[in-house]
Amino acid sequence: MPIYVYEVINLDGTPGDTFEVIQRMSEDPLQVHPDSGVPVRRVIGAPSIGGMWSDAAMGKSTDDSNLKRLGFTKYVKTDDGRYEKTLGSGPSSLSAD
């Protein structure tokens, strides 16, 4: 089910705080806040659609097991500024010195 964003309508008509509600697409938009009963309106925004370039897909493609399978070497920066190898072939550490 989609998550809809609503904003409170202040007494002077200006937008107030926002909140999210999970609703079916077939449900009518809320007219009042479910807890306080103050008037609200639905905020129209860009949809969040997962796909090839979504955060979830990028996390999977840069996962250690996937990098290893593809033959990449991964280095992680340490507190002292060096890079230590965590996966793959190559030197065990790198430094800018």
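The values are calculated or read from the model by the stated rules, or taken from the named source; none is laboratory data. All figures in this text were calculated on a predicted structure; none of them were measured in a lab. Heads up, the Cβs are rebuilt from the backbone with ideal geometry, glycines too, and the neighbour counts pull from every protein chain shown.
Would you check which residues across segment 6-15 are touching an Asp or Glu at 6+ places or on another chain (Cβ under 6 Å) and loosely packed, with under 15 Cβ neighbours inside 10 Å and list them? Write out each step before concluding.
We begin by selecting, within segment 6-15, every residue touching an Asp or Glu at 6+ places or on another chain (Cβ under 6 Å); these are 8, 15.
Across segment 6-15, the qualifying residue is only Pro15.
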### Query
Is it true that some residue in segment 36-50 is within 30 Å of Thr86 (Cβ to Cβ), assigned to a helix (DSSP H, G or I) and not assigned by TED's automatic domain parsing to the domain that holds Lys85?
no
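Restricting attention to segment 6-35, which residues are of a type in the set (Asp, Glu) and assigned to a loop (DSSP other than H, G, I, E, B)? Steps first, answer last, please.
Residues of segment 6-35 of a type in the set (Asp, Glu): 7, 12, 17, 20, 27-28, 35.
Result: Asp12, Glu27, Asp28, Asp35.
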### Message
I need the full set of residues from segment 61-73 which are surrounded by 11 or more Cβ atoms within 10 Å (Cβ to Cβ) and of a type in the set (D, E, K, R), in order please.
### Response
Asp63, Asp64, Lys68
### Query
Of all residues in segment 16-58, which are surrounded by 10 or more Cβ atoms within 10 Å (Cβ to Cβ) and within 30 Å of Tyr75 (Cβ to Cβ)?
Ser54, Ala57, Met58
